[in-house]
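Notes for the one structure printed next.
Derivation of every value follows stated rules applied to the coordinates shown; laboratory data play no part. Everything numeric here is computed off the predicted structure, so don't read it as measured data. Please note: Cβ atoms are built from the backbone with ideal geometry, for glycine as well, and neighbour counts cover all protein chains shown.
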Number of protein chains: 2
Amino acid sequence: MEKANFSSFFEPKSVAVVGASEKPGKIGTAIAENVLKLGFAGEIFLVNPSYTELFKQKCYQNLDEIESQVDLAVVVVPAKFVLDVVKNSAKVKNFVIISAGFAETGKEGAQLEKELADLAREKGLNILGPNCLGFLNPSLKLNASFAVGMPEDGSIALGSQSGALLVAILDVAKKENLSFSLLVSLGNKMQLSETEILEQLEKDQKTKVIGMYLEGIKNGAQFIETAERVARQKPIVILKAGKTAKAQQAISSHTGALAGSDEIVEAVFEKVGVVRTETLEDFLQTLKIFSAAREFSNEKVAVITNAGGGGVLATDAFKGKTIQLADFSDEFKFQLQKELPAEGSVNNPIDILGDADEKRYAWALENLEKEELGAIIAILTPQEKTPVGAVADLLIDFKKRSSKNVAAAFVGGQLVEEARAKMQKNGILVFDFPEKAVEILNRFYVWQQRKNLTIENGESLAESQTENQKMAGEILEKAQKSGRKALDFLEAAKVMELYGIKTVQSFHLSGTDQIPQEIEYPVVAKIDSDQVLHKTDQKALVLNIKNADELKAALADFQTRFNGEKVLVQSMLSRGMELILGINRDPIFGPIVVAGLGGIYTEVFKMVDFFVAPLNLVEIEEKLKKGKTSFLFRQTRGQKEFDVKELALIIQGLMNMAQDLPQIAELDINPLFVYNDGQAAVAVDVKIIF
Amino acid sequence: MEKANFSSFFEPKSVAVVGASEKPGKIGTAIAENVLKLGFAGEIFLVNPSYTELFKQKCYQNLDEIESQVDLAVVVVPAKFVLDVVKNSAKVKNFVIISAGFAETGKEGAQLEKELADLAREKGLNILGPNCLGFLNPSLKLNASFAVGMPEDGSIALGSQSGALLVAILDVAKKENLSFSLLVSLGNKMQLSETEILEQLEKDQKTKVIGMYLEGIKNGAQFIETAERVARQKPIVILKAGKTAKAQQAISSHTGALAGSDEIVEAVFEKVGVVRTETLEDFLQTLKIFSAAREFSNEKVAVITNAGGGGVLATDAFKGKTIQLADFSDEFKFQLQKELPAEGSVNNPIDILGDADEKRYAWALENLEKEELGAIIAILTPQEKTPVGAVADLLIDFKKRSSKNVAAAFVGGQLVEEARAKMQKNGILVFDFPEKAVEILNRFYVWQQRKNLTIENGESLAESQTENQKMAGEILEKAQKSGRKALDFLEAAKVMELYGIKTVQSFHLSGTDQIPQEIEYPVVAKIDSDQVLHKTDQKALVLNIKNADELKAALADFQTRFNGEKVLVQSMLSRGMELILGINRDPIFGPIVVAGLGGIYTEVFKMVDFFVAPLNLVEIEEKLKKGKTSFLFRQTRGQKEFDVKELALIIQGLMNMAQDLPQIAELDINPLFVYNDGQAAVAVDVKIIF
């Protein structure tokens, strides 16, 4: 199959509308009018076998009848005719299928969609949709959709899995002065999904920020690879909906219960550097600001305000943020003090008082320009004498000369609206409220830091260790053949060993067995069966057995109550910090390693992190140090730090295992004891389900 | 002193402006014009010794010259003349002091303010300010401030500790169609503070919701009492700023470090039922919705949408909320299915599809009205054929007949603006985005639930136990007189005992003492000194001493290293769940009892709750069951629940102690061992600092 040639897709020189019409109220009419009447300078062909002329120009019977090159066909015929249209066009490679009636409608539609996908693969076509709104490319004045109007040409690229939201966003955009490089309705994502769009936008010079409304992600591995690369060049902001919608699969393991699908999406976004927003409002505001923000030279921010209260609110908003209120130089404070009335404040936020005019703002800004700052936020409330427009003009002018980010939070309604719009059009970062300014500037700075992180040069995932993989595979196969669904402990311990993870020394005994001499007491005895998953609850566990007699008694009791199930006898370890680790397989993103705090309150504390492949050893270590259990790897009052490298190696072992042994459905180590006195970490119990 | 007569304060029949002027740009001019020209129907007197006539009416030399009754005087003379104006007016009882130059400017101003406060007390005056903007009462068309304009008459009462924010809010209000019963600038809160305003608004029929922007709270105990009472009648919404501003006092105790001033504000607001908002935007939106919301009949909510994406976003927003998406009756679904196209959804959210007209909305609403619901949210995006205005009219009409809350989230810009404004004016709960609708409706429902909670009839705080209080006081006094700053363990244990809290059995020994026979081994030996607060770090603690010989050796070592400090020898307890408890004294709110999870990770987990007096035993228990450590009081996998009543008694003991013994500055129990096997809880270490 030919690789998609996207530039002729989203930047076509000629467009055909198949199913064009003139009848009012028809989608074919809306699209034809949009393509014809909004300024697109390329060639336009209308196709509909029922007409010879439409909009006073020739109407073609079919695509093949067109003699010139057609870069893009927009198809709005009923679903049942779509396949024929695509099949019978020899020359066109790029299609937007607007038509609904495919996978979204049930089984028959899904079959139709499959046939369309097969056709596309065979013929090397690019297809957007079906069941989509189309797309808009404002720089070409091309509206190849049935959404109304033409948004401003700008630097935000937007993909949406909901056509209706795209329409609403277009309307919000007008009010908020958002401008776009591309708007794409993703529809059913049969072929072109978020990943292909990201790939296209990676090279697009006009696009400064990419926003996506997604309800699902189509190809996990491909998305991870692409998004990770693109996010190092421009911000990807995603509003990922459907947190609660997706039914959880039945899950029997501990770690499984900790990994909801949304937690995994969260982990993936964090891994690849996607900026996630929680609400539509926040999504749009983030896109607006990210499209206009400059790189911060450092994390320091200055706030100027003509309202004390606004300054206090901004200060509060810095709590817990990465960007910080700057401390000013003495020279700066001295300069400021000379001109500011006594009641003002020369600390940050700088309170230039309620009667401040544009000169007081100007003079604070000029002095600030000499300070080491990443951004300046100017807060304004429209008080009796406040020259709102003049302050706005001043900021616009200042921004042209400044190397810093210039943000404005003009709080009010009618009195500030015009100023806000003008500033927005002139590249000022405009907010309605001071807290929002701090929040979104911080979001941008965190993204920037992330982008500029050098990629860690750690040992990459070990090449699959063929021999070990083979041996582990055999253990699994043998157990599978015996009709079991899980390994017993000794089998699991062997698999662990093959991947470098130490387990506690153990024996399998039954009530009638001779007690081995070499046992080191005290020991623990427990039923080792995949029928008995929660041992404490079922009294299938005896702790602190001090000698052979006690052990005999325990084995006899188990014999009676558990009907000959195998008993595992293990030396009791000195109690380490209890961790829980495991492998889960996500239907979209594949194997996920889960690691966190164990113990009876695991579910209460939920201090677990999710490790999404691929990660090298250094990356795993970094993630542990920043993660939910980071406190374990620092010295705490009265406790030495635990060895992060040792844990990273174990996690790497699990990642290798997940990759090598796809037959493992779930794996649980619970607990893993880790120590901070030089003892090696030990897996006390391991459950492997296949 | 006479009790303030507020109704003549905020609803005066006659107003005098002292310092009135005609000169453009003066505050005295702005206020005079506001009072004269915006429709106030009462008598108006202008006072200024420099004029005989102003605005073509008589100007008085001073207040006493006015022969009629003056209900309210608004004073805008320079600070130095304010005292004379107030002193020399025999008849006026109510003053708004606009003038700045008081406590906010430093020492001299603070002295002037003190004199003004004394005068007010002597003469039984009510004074708002100084250093404030004044107030506005829209129902009287009285603008007794220098803010511009007259807001709509409505049901939101607003108090603000920042005048500039009040001005900005007035401007936002116009745009957002907010309407007010009262707007008050609180200024320096010399006399009338948030508490007095709350008292006034409690009885005010027009006020449905009270909003306050506060940077501090003046009188903690009085605020708690008043707010708790008022919040049972109408919602109090507070934007409390200054989270990070207040410097923490130097704190030596564990629990002290856990109780930042903002955590305590949070605990107080939760206790009294104040709705706290985190940002100005959220504050205003909450006031808008709370002023129009009706009581929910239950927590079930239905969502109708013409955009699938909007429905998904709303669904996500319900995650973790108290309000819930309703399950519909089969009858309802059957009815719905009859009319909705196949692609629509009859589940909640109801997707009536992108081509929905007002009839489809109408018909979904009529069917919903028969369901048991607290609220209906109608989401609309302005798609090609969407009749935005007709849907708005429909909702307005439906709301008149419905008993439910009717909310609208019309997502868009220009295409929906007019509809939003119209709906807002007609009592629909209007939101810009679906997630916000869910969030703020949930906030209202949670407030409503809280309001309707029956007050728990628990044993109230025990009368101070005179005898015990006396004995404990003597122990403290004796230690104080010996120049110490903390009790030693045995003294502290005695105080604990007097308040019903058990401590571990202990002995004080030194290197030369005879070892008592009755000691039960193993024991722990530790230095007992207020010089050695972190015993583990300083190796001032030996664990697991098994016999008299080992104990002797440990005592000898301490003798050498700690130079004769007292050594405490205690039997080692079986290890219980470690809790940490303590008393802190907040400068505003008084004694706070802190209780939470102990152990080396106390600061990491921060699972602590704050108990603000007064609370009875039942309330303490309820708070524990809902608090951060609630998981201890439920059965968990493999662990029985701990006794919540026992812990509640200990907390009550600490609250009594805090009340009885004000000389205790801080108290720390760390750890308290609690058990779930019938053993009584034991305080292992207690530190009492005075």
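Counting only other chains, what is the mean number of Cβ atoms within 10 angstrom of the Cβ of each residue in peptide A:156-167?
Mean partner shielding for this stretch: 5.
When the Karplus curve 6.51 cos²θ - 1.76 cosθ + 1.60 is applied with θ = phi - 60°, which whole-Hz ³J(HN,Hα) does each residue of region B:106-117 get, with x for Gly and Pro?
x, 4, 4, x, 5, 5, 4, 5, 4, 4, 5, 5
Taking only Cα atoms, what is the 0 to 90° angle, nearest 10, from helix A:414-425's long axis to the longest principal axis of chain A?
80 degrees
Give me Rg over Rh for region B:34-91, both radii from the alpha carbons and Rh done the Kirkwood way, two decimal places. Mind dumping the intermediate values first?
On the way: Rg = 11.7 Å, Rh = 12.4 Å.
Reported Rg/Rh (Cα atoms, Kirkwood Rh): 0.94.
Amide H to amide H, which residues 5 or more places from A:V17 or on other chains are under 5 Å from it, using H placed in the peptide plane?
Amide H neighbours of A:V17: A:F45, A:L46, A:V47, A:V74.
Hey, what do the phi angles of region A:127-142 turn into as Karplus ³J(HN,Hα) couplings, whole Hz, using 6.51/-1.76/1.60 and θ = phi - 60°, x for Gly and Pro?
The phi angles translate into 10, 9, x, x, 6, 10, 8, x, 9, 10, 10, x, 5, 8, 6, 9 Hz.
Quick one: Cα convex hull volume of region B:315-378, Å³ per residue? Mind showing how you got there, number by number?
Working: hull volume 5.9 nm³, N = 64.
So the per-residue Cα hull volume is 93 Å³.
B:Q414 to A:K628: FRET efficiency via 1/(1 + (r/R0)^6), r the Cβ-Cβ distance, R0 51 Å, to the nearest 0.05?
Numbers: r = 45 Å, r/R0 = 0.88.
Plugging the Cβ-Cβ distance into 1/(1 + (r/R0)^6) gives 0.70.
For every other residue with a beta carbon closer than 12 angstrom to the beta carbon of A:G106, add +1 if it is Lys or Arg and -1 if Asp or Glu, then tell me the sum. Intermediate results must be reported in sequence, preceding the final value.
Working: positive: A:K107; negative: A:E104, A:E108, A:E113, B:E343.
Computed value for this residue: -3.
I need the per residue convex hull volume for the protein assembly as shown, using only the alpha carbons, in cubic angstrom as a whole number.
Numbers: hull volume 303.6 nm³, N = 1380.
Hull volume normalised by residue count: 220 Å³.
So what does log10 I(q)/I(0) come out to for region A:505-571 at q = 0.13, 0.14 Å⁻¹, using the Debye formula with one equal point on every Cα and no solvent?
Log10 of I(q)/I(0), two decimals: -0.29, -0.34.
Across all directions of projection, what mean area in square nanometres is found for the Cα convex hull of region B:1-132?
Values: hull surface 31.1 nm².
Mean projected area of the Cα convex hull: 7.8 nm².
When Cβ neighbours within 10 Å are restricted to other protein chains, what is their mean count per residue of peptide B:630-637? Walk me through the intermediate numbers first.
Values: counts 1, 5, 2, 0, 1, 0, 5, 8.
Mean inter-chain Cβ contacts per residue within 10 Å come to 3.
Show me the ranking of peptides B:379-385, A:306-312 by mean Cβ neighbours inside 10 Å, starting with the highest. It would help to have the intermediate numbers written out before the result.
Working: B:379-385: 23.4, A:306-312: 26.7.
By packing density, highest mean first, the sequence is A:306-312, B:379-385.
Treating the angle as unsigned and between 0 and 90°, give the value, to the nearest 10°, between the Cα long axis of helix B:388-401 and the longest Cα principal axis of chain B.
Helix B:388-401 sits roughly 70 degrees off the main axis of chain B.
In the structure displayed, which of A:K288/A:K359; A:K626/B:K319; A:K234/A:K359; A:K640/B:K240 lie more than 32 Å apart, Cα to Cα? Can you show the working numbers first?
Working: A:K288/A:K359 29 Å; A:K626/B:K319 27 Å; A:K234/A:K359 37 Å; A:K640/B:K240 40 Å.
The pairs that break the limit, which is 32 Å between Cα atoms, are A:K234/A:K359; A:K640/B:K240.
Only four residue types carry charge here, +1 at the Cβ of Lys and Arg and -1 at the Cβ of Asp and Glu. Report the dipole size of the protein assembly as shown about the Cα centre in Debye, rounded to the nearest 20.
Values: 158 positive and 188 negative charges, 315 e Å.
Approximately 1520 debye in magnitude.
Please work out the Kirkwood hydrodynamic radius for region A:628-686, using every pair of different C-alpha atoms, and report it in angstroms with one decimal place. Kindly include the intermediate steps, with their values, before the conclusion.
Working: mean 1/r = 0.0773 Å⁻¹.
Hydrodynamic radius (Kirkwood, Cα only) of region A:628-686 equals 12.9 Å.
Compactness ratio of chain B: Cα Rg over 2.2 N^0.38 Å, N = residue count?
Numbers: Rg = 31.7 Å, N = 690, 2.2 N^0.38 = 26.4 Å.
Cα-based Rg divided by the globular estimate yields 1.20.
Where does region B:563-635 land on Rg(C-alpha)/(2.2 N^0.38 Å)?
Working: Rg = 15.6 Å, N = 73, 2.2 N^0.38 = 11.2 Å.
Cα-based Rg divided by the globular estimate yields 1.39.
Among B:V569, B:G374, B:V74, whose Cα lies farthest out toward the positive end of the dipole of chain B, if unit charges sit on the beta carbon of Lys, Arg (+1) and Asp, Glu (-1)?
B:V74
Sorted by average packing, counted as other Cβ atoms within 10 angstrom per residue and highest first, what order do B:101-109, B:363-371, A:266-274 take? Could the numbers behind the result be given before it?
Details: B:101-109: 16.2, B:363-371: 18.1, A:266-274: 19.9.
Highest mean packing first, the order is A:266-274, B:363-371, B:101-109.
What is the sum of charges around A:E225, taking Lys and Arg as +1, Asp and Glu as -1, for the other residues whose C-beta is under 14 Å from the C-beta of A:E225?
Working: positive: A:K218, A:R229, A:R232, A:K271; negative: A:E194, A:E196, A:E199, A:E202, A:E228.
Around A:E225, the surrounding residues sum to -1.
If you project the alpha carbons of region B:151-292 onto the principal axes, what extent comes out on each, in Å, largest first?
Each principal axis gives a Cα extent; for region B:151-292 these are 52, 28, 28 Å.
B:K80 versus A:E225, label points 7 Å from Cα toward the beta carbon: distance in nm?
Distance between the two pseudo-spin positions: 8.1 nm.
With each run of n ≥ 4 DSSP H residues scored as -39500 (n - 2.57), what mean residue ellipticity at 222 nm is computed for chain B after dividing by its residue count and rounding to the nearest 500 deg cm²/dmol?
Mean residue ellipticity, 222 nm, calculated: -11500 deg cm²/dmol.
Let me make sure I get this right: for region A:577-689, a, b and c are the square roots of the gyration tensor eigenvalues over alpha carbons, sorted descending. Under 1.5 in a/c it's rounded, otherwise prolate if a/b > b/c, else oblate. Which is it? Mind showing how you got there, number by number?
On the way: a/c = 1.73, a/b = 1.52, b/c = 1.13.
It comes out prolate by the Cα gyration axes.
Plugging the Kirkwood radius over Cα pairs into Stokes-Einstein for region A:295-452, at a temperature of 4 °C and a viscosity of 1.567 mPa s, what D comes out in µm²/s? Please report the intermediate quantities before stating the final value.
Working: Rh = 15.3 Å.
This corresponds to a translational diffusion coefficient of 84 µm²/s.
Just to verify a number: FRET efficiency for A:I515 and A:N563, C-beta to C-beta distance, R0 = 22 Å, to 0.05? Please report the intermediate quantities before stating the final value.
Numbers: r = 21 Å, r/R0 = 0.96.
Here the calculated transfer efficiency is 0.55.
Compute the long axis of helix A:308-317 from its Cα atoms, compare it with the longest principal axis of the Cα atoms of chain A, and write down the angle in degrees, 0 to 90, nearest 10.
40 degrees
How shielded is B:305-311 by partner chains, expressed as the average number of their Cβ atoms within 10 Å of its Cβ atoms? All intermediate terms of the calculation are to be shown ahead of the outcome.
Working: counts 1, 2, 7, 8, 15, 6, 4.
Counting Cβ atoms of other protein chains within 10 Å of each residue's Cβ and averaging gives 6.
With θ set to phi - 60° and the Karplus curve 6.51 cos²θ - 1.76 cosθ + 1.60, what are the ³J(HN,Hα) couplings of region B:655-662 in order, to the nearest whole Hz, using x for Gly and Pro?
After applying 6.51 cos²θ - 1.76 cosθ + 1.60, I find 5, 4, 4, 4, 6, 6, 10, x Hz.
Going by amide H atoms built from the backbone, whose H comes under 5 Å of the H on B:V209, apart from near neighbours?
Under 5 Å from the amide H of B:V209 lie the amide H atoms of B:A157, each far enough along the sequence or on another chain.
Label 7 Å along Cα→Cβ of B:K502; region B:637-655 residues with amide nitrogen under 20 Å?
Those under the cut-off are B:640-655.
Please name whichever of A:A314, A:V272, A:S297 sits farthest to the positive end of the charge dipole of region A:251-395, dipole taken about the Cα centre and charges placed at Cβ: Lys and Arg +1, Asp and Glu -1.
Result: A:V272.
How large is the dipole of region A:573-641 about the Cα centre if only Lys and Arg carry +1 and Asp and Glu carry -1, each at its Cβ, rounded to the nearest 20 debye?
Numbers: 10 positive and 8 negative charges, 58 e Å.
The calculated dipole for region A:573-641 is roughly 280 debye.
Given H placed 1.01 Å from N in the peptide plane, which residues other than close sequence neighbours of A:R585 have an amide H under 5 Å from its amide H?
Sorted by chain and number, the residues that satisfy this are A:I592.
Would you work out which of A:L672, B:T512, A:N94 lies farthest towards the positive end of the dipole of the protein assembly as shown? Charges go on Cβ: Lys and Arg +1, Asp and Glu -1.
A:N94
Tell me the Kirkwood radius of region A:153-222: reciprocal of the mean inverse pair distance over distinct alpha-carbon atoms, in Å.
On the way: mean 1/r = 0.0800 Å⁻¹.
Across region A:153-222, the inverse of the average 1/r is 12.5 Å.
Grab the beta carbon distance between A:E108 and A:K58, set R0 = 56 Å, and tell me the FRET efficiency rounded to 0.05. Could you put the intermediate results ahead of the total?
Numbers: r = 36 Å, r/R0 = 0.64.
With R0 = 56 Å, the Cβ-Cβ based efficiency is 0.95.
Could you list the residues of region B:488-530 with an amide nitrogen less than 14 Å from a label point located 7 Å from the Cα of B:E646 in the Cα-to-C-beta direction?
B:501-504
Would you mind working out the magnitude of the charge dipole of chain B relative to its Cα centre, with +1 at each Lys and Arg C-beta and -1 at each Asp and Glu C-beta, to the nearest 20 Debye?
Details: 79 positive and 94 negative charges, 173 e Å.
Result for chain B is approximately 840 debye, rounded to the nearest 20.
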